[in-house]
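S.K.: Okay, handing you the structure first.
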Amino acid sequence: MKTQMKSKIVFLLMLFLVVSFQPLFAKAAAETNSQNNTVTGEGQAKYVFLFIGDGMAMSQITSAEVFSTARASKDIDVTRLGFTKFPTAGLTTTHDAGTFITDSASAGTAIASGKKTLSGVINMDVNRTQKFKTIAEYAKEAGKKVGIVSTVTLNHATPASFYSKVPSRGDMYDIAVQLANSNFDYYAGGSIDQRTGKNKDQKDAVEIAKENGFTYIDTKAGFDGLKAGGGKVIAISERLQDSGSMPYSIDRERGELSLADFTKKGIELLDNPNGFFMMVEGGKIDWAGHANDAGAVIHDVLAFDEAIKTAVEFAQKHPAETLIVVTGDHETGGMAIGFAGTQYDTFFDKIALQTRSFVAFDEEVLKPYKENTPAANAKLADLIPAIKESFGIDFNSLTNVQKEQVEFAFQRSMGNEQIRSFAEDQYLLYGGYEPLTVKLTQVMNQTAGIGWTSYAHTGVPVSTFASGVHGEIFGSYYDNTDIFFKLAGAMNLKVN
Ligand SMILES: [Zn+2]
């Protein structure tokens with residue numbers, strides 16, 4: 001009796017332990033790797049491309065496809081982008097260690113290092129003490145050449161996630177110095193922000209890079225002259241736009257370098273018998289999403305697809321050894337195909353009438369007007385022709401509510417204090433943007449049937465597409481940290 005009782009207690013205790021610890025084990029497994037990260041087939045990915053559309057989920061991708069269709073005809077047969085035709089597609093979670101709505105620092109860390117951290121942190125743990133090693137660093141150690149390309153500044157969160165480790169993404173100068181001291185082979189696209197520090201009193205990070213053997217190029221002529229075998233390179237777009245980034249694709253002038261040009265040059269410079277790893281970011285898809293500018297989003301998604309096509313061309317020459325992965329780090333703006341005012345209809349052909357991004361409208365139209373016009377004399381009528389030319393908006397065809405919204409935003413942009421005084425809803429109406437400009441893109445997007453819910457990121461999953469050797473392991477629904485393990489598996493790298 002006594003022993004029976006004892007064994008019953010032991011049994012219950014064991015049951016309690018198993019039941020209470022099971023969720024913990026299950027959670028750990030789901031968050032590290034686990035599902036289908038193991039490569040089974042033959043071969044090894046010698047040439048690896050990782051394309052990251054910042055702020056790109058299915059709404060951004062499908063909008064670009066609907067736009068391409070609507071521009072050409074009235075058909076509903078959607079014109080597919082190149083990368084959505086890849087043989088493998090999967091879904092990827094985006095939450096980080098502290099929030100369901102990630103930022104690009106923790107999302108970049110998850111993809112680059114396979115570990116969750118807090119928003120704002122790059123390649124360090126939640127306590128900001130332990131440093132993580134990135135897939136690009138593992139690839140470099142294994143003898144591959146490494147390239148980092150982005151349309152935004154090269155020390156912005158997403159590109160930085162592949163070479164730097166900092167407690168805050170705002171430590172721009174520290175990140176710039178880590179770039180200069182990295183032994184990667186090719187950095188290209190936007191400029192290096194705060195290269196002499198926040199107060200411009202530090203040693204120039206570009207000088208440090210040159211001392212470390214980098215060739216620094218910031219003209220198109222210099223870029224065109226770059227040849228394979230010339231050593232490590234930092235190549236910057238000759239014309240820069242907001243915050244030192246490459247211009248939005250919609251604002252790119254004939255002959256200016258595109259993301260595809262920087263990617264193609266990367267292939268040329270990195271190609272070698274040991275292979276390469278190249279990360280290419282479409283970073284301004286996110287910036288346009290923050291500003292609710294669908295036209296700028298769509299044109300940058302199309303430019304991103306063009307860059308991917310250069311990788312596809314390379315893969316056709318090395319089909320058994322190339323892997324191309326395309327993903328997003330999160331969605332931006334709560335973009336939707338569908339708006340209350342247009343119900344079941346879309347009019348994406350209206351987006352084709354847009355000729356300037358919100359940034360170009362601010363810089364080329366609104367800023368000069370504000371500088372030359374005293375607020376008391378300012379009239380919306382003065383800007384109607386420029387509004388039509390920039391966004392294709394026929395002011396007279398707007399609804400009365402929309403006209404009022406645009407007029408109100410115009411007064412707000414001109415600094416009319418009477419209106420400013422009841423500005424408690426300023427953020428909900430305009431985010432941090434120029435009121436007139438953000439209202440114009442919103443109104444124009446609404447008439448096309450596109451809605452927005454936020455000026456920040458949202459918590460929906462993103463899609464991941466893959467083509468080439470071991471691409472099949474990118475199917476199914478998995479955590480963003482799994483991308484690191486899948487890439488490592490495909491390249492046969494030992495990681496921890
Ligand atoms: Zn963002």
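The values are calculated or read from the model by the stated rules, or taken from the named source; none is laboratory data. Here the structure is a predicted model, which is why all the values come from computation and not from measurement. Backbone-built Cβ (ideal geometry, glycine too); neighbour counts: all protein chains shown. Heads up: the accessible areas ignore ligands, DNA and RNA and are worked out on the full protein's heavy atoms, side chains in. Shrake-Rupley method; radii C 1.70, N 1.55, O 1.52, S 1.80 Å.
S.K.: From the residues in segment 270-283 that are in contact with an Asp or Glu (Cβ under 8 Å, 6 or more places away or on another chain) and either farther than 18 Å from F162 by Cβ or assigned to a loop (DSSP other than H, G, I, E, B) (or both), which one is farthest from the ligand (Cβ to nearest atom)?
M.R.: G275
S.K.: Go through segment 149-187 and give me each residue that's in contact with a strand residue (DSSP E or B) (Cβ under 8 Å, 6 or more places away or on another chain), open to solvent by 20 Å² or more (accessible area, probe 1.4 Å), in a helix (DSSP H, G or I) and not charged (D, E, K, R).
M.R.: Hit for segment 149-187 is Q178, nothing else.
S.K.: Looking for whichever is part of a helix (DSSP H, G or I), within 16 Å of the ligand (Cβ to nearest atom), at pLDDT 95 or above and open to solvent by less than 10 Å² (accessible area, probe 1.4 Å) here; the options are G266, G289. Which one fits?
M.R.: G289
S.K.: For segment 188-217, name all the residues that are part of a loop (DSSP other than H, G, I, E, B) and surrounded by 15 or more Cβ atoms within 10 Å (Cβ to Cβ).
M.R.: G190, S191, I192, D193, Q194, R195, T196, G197, Q202, D204, F214
S.K.: Checking L302 against (1) buried (at least 22 other Cβ atoms within 10 Å of the Cβ); (2) away from the ligand (no atom under 16 Å from the Cβ); (3) of a type outside the set (D, E, K, R), which single condition isn't satisfied?
M.R.: With (1) buried (at least 22 other Cβ atoms within 10 Å of the Cβ); (2) away from the ligand (no atom under 16 Å from the Cβ); (3) of a type outside the set (D, E, K, R) applied to L302, the lone miss is (1).
S.K.: So in segment 220-257, with the set limited to residues that are part of a loop (DSSP other than H, G, I, E, B) and more than 26 Å from S357 (Cβ to Cβ), which one is least open to solvent (accessible area, probe 1.4 Å)?
M.R.: L226
S.K.: Having 1 or more residues that are out of contact with any Ser or Thr (no Cβ under 9 Å at 6 or more places or on another chain) and closer than 30 Å to T327 by Cα is the bar; report the helices (runs of 4 or more DSSP H) wholly within segment 361-471 that clear it.
M.R.: 426-430, 435-448
S.K.: Give me the residue from segment 453-473 that is open to solvent by less than 20 Å² (accessible area, probe 1.4 Å) and within 19 Å of the chain's Cα centre (by Cα) and, out of that set, farthest from the ligand (Cβ to nearest atom).
M.R.: In this case the residue turns out to be A466.
S.K.: Taking R128 and the conditions (1) out of contact with any Pro (no Cβ under 7 Å at 6 or more places or on another chain); (2) among the basic types (K, R); (3) surrounded by fewer than 20 Cβ atoms within 10 Å (Cβ to Cβ), which numbered condition does it fall short on, given that it satisfies the others?
M.R.: Here R128 meets the rest and fails (1).
S.K.: Since N274 meets every condition but one in (1) modelled with pLDDT of 95 or more; (2) out of contact with any Lys or Arg (no Cβ under 7 Å at 6 or more places or on another chain), which condition does it not meet?
M.R.: In the conditions (1) modelled with pLDDT of 95 or more; (2) out of contact with any Lys or Arg (no Cβ under 7 Å at 6 or more places or on another chain), N274 misses (2) alone.
S.K.: For N480, are the conditions met, namely being surrounded by 24 or more Cβ atoms within 10 Å (Cβ to Cβ), closer than 26 Å to H290 by Cα and within 16 Å of the ligand (Cβ to nearest atom)?
M.R.: So N480 fits the description; yes.
S.K.: Out of E253, E268, E281, report the one residue that is within 30 Å of I450 (Cα to Cα) and over 18 Å from the mean Cα position of the chain (by Cα).
M.R.: The unique qualifying residue is E253.
S.K.: Scan segment 352-372 and give yes if some residue there is hydrophobic (A, V, I, L, M, F, W, C) and under 28 Å from K85 (Cα atoms), otherwise no.
M.R.: Looking for residues that are hydrophobic (A, V, I, L, M, F, W, C) and under 28 Å from K85 (Cα atoms), one finds at least one in segment 352-372, hence yes.
S.K.: Would you confirm whether any residue within segment 308-331 is over 23 Å from K486 (Cβ atoms) and either within 16 Å of the ligand (Cβ to nearest atom) or among the small types (G, A, S) (or both)?
M.R.: no
S.K.: Would you check which residues across segment 63-97 are within 16 Å of the ligand (Cβ to nearest atom) and open to solvent by 30 Å² or more (accessible area, probe 1.4 Å) and list them?
M.R.: H95 - this is the single residue of segment 63-97 that is within 16 Å of the ligand (Cβ to nearest atom) and open to solvent by 30 Å² or more (accessible area, probe 1.4 Å).
S.K.: Is there any pair linking a residue in segment 430-457 that is more than 22 Å from K379 (Cβ to Cβ) to one that is among the aliphatic types (A, V, I, L, M) and assigned to a helix (DSSP H, G or I), with Cβ under 6 Å and at least six apart or on different chains, and which?
M.R.: N445/A294; A448/I351; I450/A294
S.K.: Could you check segment 456-477 and list, in sequence order, the residues that are among the polar types (S, T, N, Q) and farther than 22 Å from A288 by Cβ?
M.R.: Once the filter is applied, which keeps residues that are among the polar types (S, T, N, Q) and farther than 22 Å from A288 by Cβ, segment 456-477 yields S467, S476.
S.K.: Among the residues of segment 365-380, which ones are over 33 Å from the mean Cα position of the chain (by Cα) and open to solvent by less than 70 Å² (accessible area, probe 1.4 Å)?
M.R.: T373, A375, A378, L380 - these are the residues of segment 365-380 that are over 33 Å from the mean Cα position of the chain (by Cα) and open to solvent by less than 70 Å² (accessible area, probe 1.4 Å).
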